[in-house]
Every structure is written in structure tokens, then in C-alpha cells.
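Structure first, commentary second.
The values are calculated or read from the model by the stated rules, or taken from the named source; none is laboratory data. These numbers were taken from a predicted model, which means no experiment stands behind them. Here the Cβ positions follow ideal geometry from the backbone for every residue, glycine too, while neighbour counts run over all protein chains shown.
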Amino acid sequence: MTDWHLIRLGYLALSGAALLTIEATAVLPDGRITYADVGLWSDETETAIAHTVESIRRYSDVPIAIQLAHAGRKASTEVPWRGGAQIPPDAPNGWQTRAPSPLAFQQGQNAPMALSITELVRVREAFVAAAKRACRIGLQAIQLHGAHGYLLHQFLSPLSNRRDDAYGGSLDGRTRFPLEVFDAVRSAVPADIPVSVRLSGTDWAEGGWTIEDSIGFARKLEDAGCSAVHVSSGGLTPAQQIPLGPSYQVPLARAVKAAIRIPVIAVGLITGFEQAEAIISTGDADLVALARGVLYDPRWPWHAAAYFGARVEAPPQYLRSQPSRHPGLLEESPRNPSRAL
């Protein structure tokens, strides 16, 4: 992390959201999506994140979670604002990717190397080590990224997992490694730290991971002590056919929620205040997550609170900014910035 992350996450920490989740954070250098990704695999990376969190904590009490990830075959790419293409392992900023099976994400790309059993242990222990570092930093929740075609999702989908050992084949085999990672992380962190999993409800592709598979996996996670399931979709194959539209992933969250008792999080083209409220009030999901929408409008929670006549905490320097038509919208945060200077 750098000063950029302090500025961006610090601003979002004052947004009025109920929870701030740090972006996909690699547990190993070769697990980064791009060479510019945040990581948590060493004392140096831990210190950098700790500095950012400590600075935010001077001014905000928002609970902070972190999403731990390994990109698998989708690693070693250019940053998205420069095209996001795969970088060959012999090129600057590139490296050899690893995955469940030696199947490239796209035709013409450098194929990943299949992970050996010994390497699976290394990856699992990297998730554990990163989770322990997150707790040491004082982060309050952990999410394991099992969606969007990254490593844990690659194990789940039959389109990317063609292994013939105990980690492939049937649903039990394909869910084995993600469950081993979850079990190891859950056992390694304090009981009061929630550990959730983000999954793709479907690959949106023939022969791929389905919502029925997701329901079966979610039940396994619930039995293992998972705190919540965050339902997204897609990202595993360029052959996906996604029916984009407002709330297009909410039916997936609804299907998972109907099958388990733990909280379910919905996400995806949720932009309107009434839209988000309807998802919760009708029981389609227990929480709504915002990503691109809150990057575009970091005061989205303020505007939602004003729309529904609710209140949000804000630093005292902002209290005079509330519109006269919304009296009482802002209340002073207990962590007064003037006392932290």
C-alpha cells in the first residue's frame, strides 16, 4: 500500500457505509492479478497496510475487512486501465502463473503450471499467514475471494479444473481445496473475527459452475462455520454470456439465501436507494455491497440516508455541509478529527 490507498480508503472510511472492505489482496507475489496489486505476504506489506489502517483509525471507527485472494491463471496481467492483457513470464512485470490445471484463461495466452500437492499446501498456508497478519493489523473481518475466475473459483469450476486427483472431478473433489483454505483460515484467527467467502453464483457458460453447485458449496461453507456468503458471478471464462441489467445477480443471492441460514450479500449493478432497500426488505439478501458505484459516488450512503430520513456519522468539519432540507442527517462521529490532530 501507498499514500494512494490512504487517500482512497480514508475517503471511503468517511462515507457512512456500515463496513469498508479492502480490495483483493494477494497472499503471495505470484497470486497478484497485476504487478501493481496490494499484497499481504511479508513484514513489509503488513507494515504498509498497518500504516494505512492506523491513519484511518485516527479519524474513523468504520469496521474494516480485507479480501484475501490468489489470482491463479488470471495473474501476471497489465493493470486494467492499460488494457489488462496477460504479461508473459519472460517479460518485465510478468511471471509464470499456477492453477489447478494447465489450461490458459484465453486462447493464445501462456498456460499456467498445474499446482502440485506440495504447492497447494504452500498456497493454503499463505492464506493462513495473511489472515493472521490481518488480525495483527487490527482488521475486523476477512473475506476469501472464491469468485471471478481467480484461484479458488478455478478449483470449483469444471471448466478450469480437470484434475484427476482428490482435488478434481466431482463437486466434493472440486470444493475440497477451497474448503481446506477456509477451514485453515477459520481455525487460525480468533472466533470473534468473521470469515466470509465470495463466490460466483454461476459461470454463465455451458458446462461450467452453476447456481445449484453454488448452493451445495454454500451449505458446505455453512457447516464449516462460514460467517456469510457474498454472491457475485462470472469471470471464469471468456465464453460467459452475462445478462447484464440492474440487480442481475440478485436472483443468485436469493437462491443461495433460500438454502442456508447464514447472511448472504448481494452485489452487481445495484445503484438506486430504493433498489437496494427492496433487496433487503423483500429478503433477497441480508446485505448489499457496492463497488464501482461507491467509487463513483463515495457519499452514496449519505445520499441514501437523506433519501430515507436516516442519519450517518460524520466528522464535525462536515456538519455544516448537510442541506437544509435534510436537517439531522449528520451527527458528529465519536472519533472527532480535531482531537486526533
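A few comments on the model shown:
- Single unsatisfied condition, residue 83 versus (1) surrounded by fewer than 24 Cβ atoms within 10 Å (Cβ to Cβ); (2) at positive phi; (3) within 16 Å of the chain's Cα centre (by Cα); (4) not β-branched (Val, Ile, Thr): (3)
- Conditions (1) surrounded by fewer than 24 Cβ atoms within 10 Å (Cβ to Cβ); (2) assigned to a loop (DSSP other than H, G, I, E, B); number of the one not met by residue 160: (1)
- Cβ-Cβ under 9 Å pairs, at least 6 apart or on other chains, the stretch 296-320 side under 14 Å from residue 334 (Cβ atoms), far side in a helix (DSSP H, G or I) and at pLDDT 95 or above: 311/305; 312/301; 312/302; 312/304; 312/305; 312/306; 314/302
- Checking residue 150 against (1) buried (at least 24 other Cβ atoms within 10 Å of the Cβ); (2) without any contact (Cβ under 8 Å) to a residue 40 or more places away in the chain, the condition it does not meet: (2)
- Within the stretch 2-17, considering residues that are more than 24 Å from residue 330 (Cα to Cα) and free of Cβ contacts under 8 Å to residues at least 24 places away in the same chain, the one surrounded by the most Cβ atoms within 10 Å (Cβ to Cβ): 3
- Boolean, residue 172 is over 20 Å from residue 148 (Cβ atoms) and part of a helix (DSSP H, G or I): yes
- Here residue 110 fulfils each of the conditions (1) polar (S, T, N, Q); (2) free of Cβ contacts under 8 Å to residues at least 24 places away in the same chain; (3) part of a loop (DSSP other than H, G, I, E, B) apart from (2).
- A Cβ distance below 7 Å, combined with a sequence gap of six or more or placement on separate chains, defines the contacts here; from the stretch 120-136, residues that are under 10 Å from residue 40 (Cβ atoms) and in contact (Cβ under 8 Å) with a residue 24 or more places away in the chain reach residues that are among the charged types (D, E, K, R) and assigned to a helix (DSSP H, G or I) in the pairs 133/46.
- Selection of the stretch 19-30 for residues being aliphatic (A, V, I, L, M), out of contact with any helix residue (DSSP H, G or I) (no Cβ under 8 Å at 6 or more places or on another chain) and under 24 Å from residue 315 (Cβ atoms) yields only 19.
- Of all residues in the stretch 277-296, those satisfying the criterion of being assigned to a loop (DSSP other than H, G, I, E, B) and of a type in the set (D, E, K, R) are 284, 286.
- Every residue from the stretch 169-193 that is out of contact with any helix residue (DSSP H, G or I) (no Cβ under 7 Å at 6 or more places or on another chain) and either surrounded by fewer than 19 Cβ atoms within 10 Å (Cβ to Cβ) or over 15 Å from residue 227 (Cα atoms) (or both): 169, 170, 172, 173, 176, 183, 187, 191, 192
Residues checked against (1) touching an Asp or Glu at 6+ places or on another chain (Cβ under 6 Å); (2) surrounded by fewer than 20 Cβ atoms within 10 Å (Cβ to Cβ); (3) without any contact (Cβ under 8 Å) to a residue 60 or more places away in the chain:
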site: 201; (1), (2), (3): no, no, yes
site: 208; (1), (2), (3): no, no, yes
site: 230; (1), (2), (3): no, no, no
site: 259; (1), (2), (3): no, yes, yes
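- Selection count where residues are part of a loop (DSSP other than H, G, I, E, B) and not charged (D, E, K, R), scope the stretch 297-312: 3
- When residues of the stretch 276-290 are limited to those that are without any contact (Cβ under 8 Å) to a residue 12 or more places away in the chain and within 19 Å of residue 259 (Cβ to Cβ), the one farthest from the chain's Cα centre (by Cα): 282
- Scanning the stretch 18-34 turns up at least one residue that is in a helix (DSSP H, G or I), more than 18 Å from residue 198 (Cα to Cα), touching a Phe, Trp or Tyr at 6+ places or on another chain (Cβ under 6 Å) and in contact (Cβ under 8 Å) with a residue 60 or more places away in the chain.
- The stretch 61-76, subset buried (at least 24 other Cβ atoms within 10 Å of the Cβ) and of a type outside the set (A, V, I, L, M), residue farthest from residue 234 (Cα to Cα): 76
- Odd one out for residue 274 among (1) out of contact with any His (no Cβ under 6 Å at 6 or more places or on another chain); (2) not in a helix (DSSP H, G or I): (2)
- With respect to (1) in contact with a helix residue (DSSP H, G or I) (Cβ under 6 Å, 6 or more places away or on another chain); (2) under 30 Å from residue 304 (Cα atoms); (3) not in a loop (DSSP other than H, G, I, E, B), the lone exception for residue 46 is condition (2).
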